Each structure stands twice: as structure tokens, then as C-alpha cells.
1. Compute the signed sum of charges (Lys and Arg +1, Asp and Glu -1) over the other residues within less than 12 Å, Cβ to Cβ, of A116.
2. Using θ = phi - 60° and the Karplus relation 6.51 cos²θ - 1.76 cosθ + 1.60, list the HN-Hα couplings for region 144-159 in order, rounded to whole Hz, with x at every Gly or Pro.
3. Can you tell me the FRET efficiency between D57 and Y77 if r is taken as the Cβ-Cβ distance and R0 is 25 Å, rounded to the nearest 0.05?
4. Gain in length, L132 to Q94, computed as 0.36 nm per residue apart minus the alpha-carbon separation, to one decimal in nm?
5. What is the sum of charges around L132, taking Lys and Arg as +1, Asp and Glu as -1, for the other residues whose C-beta is under 13 Å from the C-beta of L132?
6. Which is farthest toward the positive dipole end of region 87-157 among T95, N108, L132, measuring Cα position about the Cα centre, with Cβ charges +1 (Lys, Arg) and -1 (Asp, Glu)?
Amino acid sequence: MAGNELPQGTPADPIADPHREGPHAAPHDAPHDAPHTAAEERAQWRALQGDVEGLADVAAERGRGLLDAARLQAQSYVEQRKSDAAQSVHDLAQTIRNSGRDLGDKPNVRAFFDSAADGLEQLGSSIERRSLGEFYSEAEAFARRAPVAVAVGTFVAGLIAARFIKSSSLPPEAPDGDARDSFRA
């Protein structure tokens, strides 16, 4: 609606509306005030429209500000979690490297531990320098290259999750007089 339009169903001259109630009910009640009052009402209507448009602009701006703040907070949270994950991987690499040092008399085993630690340190560094978008792009590219591997991995993860959920649930109650009652403590 443009700034100078009246809502649909509103008469062009609200003072001339024969169904209107109030002190200015019909044009014959106050002939000398009708043009002046109609102009005032139109001006008030336009001022009201301007106020509503101003409120809408303020609400939209505050909404954008709220979205920007939420986006920044989410990005900060993801970056913190990413840093924590990278630090955990680095700590694991250091633990594996230290475990390998304890096996100084077995050079082949120590080399295996050092190699594993080096790989984990590279993974930790990769996590630190990549953005969430890059991780998503790489996962998507892998899923496109090896859809069967992704499907099998998802299926196995589902089986493991189902098994974990099933094993962590409480056992069902046995009916009275069940033979298994003698084995329960």
C-alpha cells in the first residue's frame, strides 16, 4: 500500500458516508466543517500510515540485528568447539607419542606410534585451519565420490546406536511366578 492510499472498503470521503456514526454523521449536519474535517482525517490517516511504516522498519532492523547477533554467537560457538576438538586431537597425539617413547627397546613399535601421532597432529592442524563450510564441502564431495561407503557407514552407525539404546534400557518386568525370579538377587 502506498503512503497516500486508503484501505480497501474505505469511502473516498469518509465524512460523506451515510452510515457513519458520530458528530459528523452526514454532510448536511455540518456543511461548513465537512471539507475541513475530511482533509484532517486524510492527513491523520497518512500520518498513521507513516507511523506504521516507521514501526515496521524499526522492527525489521531490530530483527536483522537479532539475526546477526545469533549468527555471530553460533559462529563463535562453532569456532570454540572446533578449537576444543583440535586440542583434543593434539593431546591424543602427544599421549600416543609418549606411549611410544616408553617402548624405546622396540624401534618398530615406536615408529608405528610416532607415525600415528604425526597423523593425528596433521589432523589437529587441519581442524584448526579449516572452516565449518570447508568441512561440509569435503564431506559432501566424499559422499558424491563414495555413496556406497556413506550408505554402509550410516547403516552401521544406525545399528550401533540401536544396540546401544537397546542395551541401556531397563529390562522388562517379569510376570509373577516366572521361573527367572529364582535367578534374580
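Derivation of every value follows stated rules applied to the coordinates shown; laboratory data play no part. This structure is a prediction, so every number in the text was calculated from the model and none was measured. A quick note on method: Cβ atoms are made from the backbone with ideal geometry, for glycine too, and the neighbour counts reach across all protein chains shown.
1. That works out to -1.
2. Working through the residues one at a time gives 6, 6, 9, x, 5, 4, 5, 5, 5, x, 5, 5, 5, 4, x, 4 Hz.
3. On the way: r = 31 Å, r/R0 = 1.22.
Given R0 = 25 Å and the Cβ-Cβ separation, E is 0.25.
4. Additional length available on full extension: 11.2 nm.
5. Numbers: positive: R71, R81, K82, R129, R130; negative: E79, E128, E134, E138, E140.
In short, 0.
6. N108
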